[in-house]
Amino acid sequence: MSGLELADLDPFSRRARIAAQEVLAGRRKGIRALLPFAGPAFIASVAYMDPGNFATNVQGGSAFGYKLLWVVVFANLTAMLFQALSAKLGIVTGKNLPEVCREQFAKPVTYTMWLVSEVGAMATDLAELLGASIGLNLLFHIPLLLAAVIAGAVTFAILLMQTKGFRPIEGTIAALVGVIALCYIVETVLARPNWNQVAYHSVVPWLGSGSALLLAVGIVGATVMPHAVYLHSSLTQDRIVPLNRSEMRAVVRFSNIDVLIALGIAGLVNLAMMYMSAAVFHFGGHPEIASIQSAYKTLTPLLGSAAAAVFLLSLMASGISSSVVGTMAGQVIMQGFVEFVIPLWARRLITMLPTFAVIALGVDTTHALVLSQVVLSLVLPLPLIVLLLFTNKRSVMGESVSNPVMRVLGVGAAAVVVGLNCVLLWQTLVVLRG
């Protein structure tokens, strides 16, 4: 969509851009002023509700009840910070994060970053497409490989929407986010969690054992996604172009509100995943639940087939939408770092191949998901560090450089996330060797 003029956009995108210009000119106020700017964060937020989150949150709730809800809150607040910084970089510079990397670093460094980021994008798509395939397989009783083909075809159809504008794909992703949220509203009603415990453990830290620490690390590791950090700057870089400093501040302010709302919804969904698992599995006598498949099979006798079907519906919406976002991020990574573009169908096919291989070879799906999280743990520090470097650099951001408070928060959050991911990587390798 990058570089499309107003006349080239689809009617929905054209109206949104005109409405945004009216807002910046002061002719449109109130809630209507926010609507033209809403969308990019909803696309990015899907990465925080992907099948990896399903796996860690279900396991955390079943094993420790409500006690790790505070980890979900921490991870989501951290995600909000980095997504807001990424969006701001795109708005202020008119470039996405990979493009700024290409400008600021030597070519060998840039190519290395591209290769590392591509591996991360493929690992992300493995988890997401596999999650959607598992949902289709369990709900409709079709072979897993066929389910992967169907999920891949659906994601490609959605991806084609971005060729003429930003609004159709934003609307589609937002609708899928709505499906996920609605599913967990239903699950909440059926599970009837203890709200006093939910409120308490959402703000009071607890780590009572080594296994709890490992799972907490896994929750954070499954939440902050490297490809979403890259993508968000691309979604905002030329969506609404400010003409002066005052308009730039206004666009950044609306972008921050977009992040708060979209990632706020993602955070509530993640909380719901965990407290549903806590209420149904942990306090229902099944603390051993540790996979998506076992969660589905156990939900049926405990809450009925409708609850299990709703769980799988949310998983499919999560897998398909996050797979779309992963492919979009892959395009941004390649084009930004090395100025090379391949046809969308080719990228979709290439990123699907690892999933097909895992299914065809009969690899344990839970094991494959674990390995994908290990790869993401290796890749994650890269976008966080360079994002902080650039948003704290006056030569890149001008007067929009991060203030001291944001610098401290950013560096502190990055240090915690990177440290936790190192612990996750180490512990996972120990488990795999053993």
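The values are calculated or read from the model by the stated rules, or taken from the named source; none is laboratory data. Predicted model only: the values in this text are computed from it and were never measured. Here the Cβ positions follow ideal geometry from the backbone for every residue, glycine too, while neighbour counts run over all protein chains shown.
Can you spot a residue in segment 41-51 that is farther than 16 Å from His227 by Cα and either at pLDDT below 85 or buried (at least 23 other Cβ atoms within 10 Å of the Cβ) (or both)?
No, the conditions are met nowhere in segment 41-51.
If the condition is being buried (at least 18 other Cβ atoms within 10 Å of the Cβ) and within 17 Å of Gly94 (Cβ to Cβ), then segment 385-396 contributes Leu387, Phe390, Thr391, Val396.
Evaluate the following for Pro205: is it buried (at least 22 other Cβ atoms within 10 Å of the Cβ), in contact (Cβ under 8 Å) with a residue 60 or more places away in the chain and not charged (D, E, K, R)? For Pro205, the condition - buried (at least 22 other Cβ atoms within 10 Å of the Cβ), in contact (Cβ under 8 Å) with a residue 60 or more places away in the chain and not charged (D, E, K, R) - is not met. If we scan segment 234-254, do we find a residue that is within 15 Å of the chain's Cα centre (by Cα) and in contact (Cβ under 8 Å) with a residue 24 or more places away in the chain? Within segment 234-254, one or more residues are within 15 Å of the chain's Cα centre (by Cα) and in contact (Cβ under 8 Å) with a residue 24 or more places away in the chain. Checked against (1) in contact (Cβ under 8 Å) with a residue 12 or more places away in the chain; (2) surrounded by fewer than 19 Cβ atoms within 10 Å (Cβ to Cβ); (3) in a loop (DSSP other than H, G, I, E, B); (4) of a type in the set (A, V, I, L, M), Leu214 passes all but condition (3). Of the set (1) in contact (Cβ under 8 Å) with a residue 40 or more places away in the chain; (2) at negative phi; (3) surrounded by fewer than 18 Cβ atoms within 10 Å (Cβ to Cβ), all apply to Met113 but (3).
Check segment 331-351 and report whether any residue there is closer than 23 Å to Thr56 by Cα, in contact with a helix residue (DSSP H, G or I) (Cβ under 9 Å, 6 or more places away or on another chain), modelled with pLDDT under 85 and surrounded by fewer than 20 Cβ atoms within 10 Å (Cβ to Cβ). Checked against the condition, which is being closer than 23 Å to Thr56 by Cα, in contact with a helix residue (DSSP H, G or I) (Cβ under 9 Å, 6 or more places away or on another chain), modelled with pLDDT under 85 and surrounded by fewer than 20 Cβ atoms within 10 Å (Cβ to Cβ), segment 331-351 yields no hits at all. Only a single item in (1) of a type in the set (Phe, Trp, Tyr); (2) closer than 23 Å to Leu213 by Cβ; (3) at pLDDT 90 or above is not met by Phe54, and it is number (3).
Of all residue pairs spaced 6 or more apart or on separate chains, those with beta-carbon atoms under 9 Å, a first member in segment 315-340 that is more than 26 Å from Ser294 (Cα to Cα) and acidic (Asp, Glu) and a second member that is assigned to a helix (DSSP H, G or I) and modelled with pLDDT of 85 or more are Glu339/Glu99; Glu339/Arg102. Just one of Leu81, Leu77, Leu129, Leu97 is more than 14 Å from the chain's Cα centre (by Cα) and at pLDDT 85 or above; which is it? Sole residue among the options that is more than 14 Å from the chain's Cα centre (by Cα) and at pLDDT 85 or above: Leu97.
Give the residue that is farthest from Leu130 (Cα to Cα), with candidates limited to residues of segment 20-76 that are of a type in the set (A, V, I, L, M, F, W, C) and outside any helix (DSSP H, G or I).
Pass one, segment 20-76, residues of a type in the set (A, V, I, L, M, F, W, C): 20, 23-25, 31, 33-35, 37-38, 41-44, 46-47, 49, 54-55, 58, 63-64, 68-75.
Going one step further and asking which of them are outside any helix (DSSP H, G or I), we end up with 25, 38, 68.
Working: Ala25: 46, Ala38: 29, Leu68: 26 Å.
The selected residue is Ala25.
Here the condition is being at negative phi and touching a Pro at 6+ places or on another chain (Cβ under 9 Å); of Ile261, Ile265, Ile292, Ile219, it holds for Ile292 alone.
One line per residue, one yes/no per condition, for (1) modelled with pLDDT of 90 or more; (2) of a type outside the set (Ser, Thr, Tyr):
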residue: Arg394; (1), (2): yes, yes
residue: Met397; (1), (2): yes, yes
residue: Ser400; (1), (2): yes, no
residue: Gly412; (1), (2): yes, yes
residue: Leu420; (1), (2): no, yes
residue: Trp426; (1), (2): no, yes
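Residues in segment 219-233 that are under 28 Å from Val423 (Cα atoms) and small (Gly, Ala, Ser) were compared, and the one that is farthest from the chain's Cα centre (by Cα) is Gly221.
Of the residues Leu160, Leu182, Leu235, the single one that is surrounded by fewer than 16 Cβ atoms within 10 Å (Cβ to Cβ), out of contact with any strand residue (DSSP E or B) (no Cβ under 9 Å at 6 or more places or on another chain), of a type outside the set (Lys, Arg) and closer than 26 Å to Ala123 by Cα is Leu160.
The residue of segment 185-202 that is farthest from the chain's Cα centre (by Cα), among those that are loosely packed, with under 15 Cβ neighbours inside 10 Å and farther than 18 Å from Ala266 by Cβ, is Asn196. When His286 is tested against (1) within 30 Å of Leu159 (Cβ to Cβ); (2) surrounded by fewer than 18 Cβ atoms within 10 Å (Cβ to Cβ); (3) not hydroxyl-bearing (Ser, Thr, Tyr), only condition (1) is not met. The single condition among (1) of a type in the set (Gly, Ala, Ser); (2) under 23 Å from the mean Cα position of the chain (by Cα); (3) surrounded by fewer than 16 Cβ atoms within 10 Å (Cβ to Cβ) that Ala174 does not satisfy is (3).
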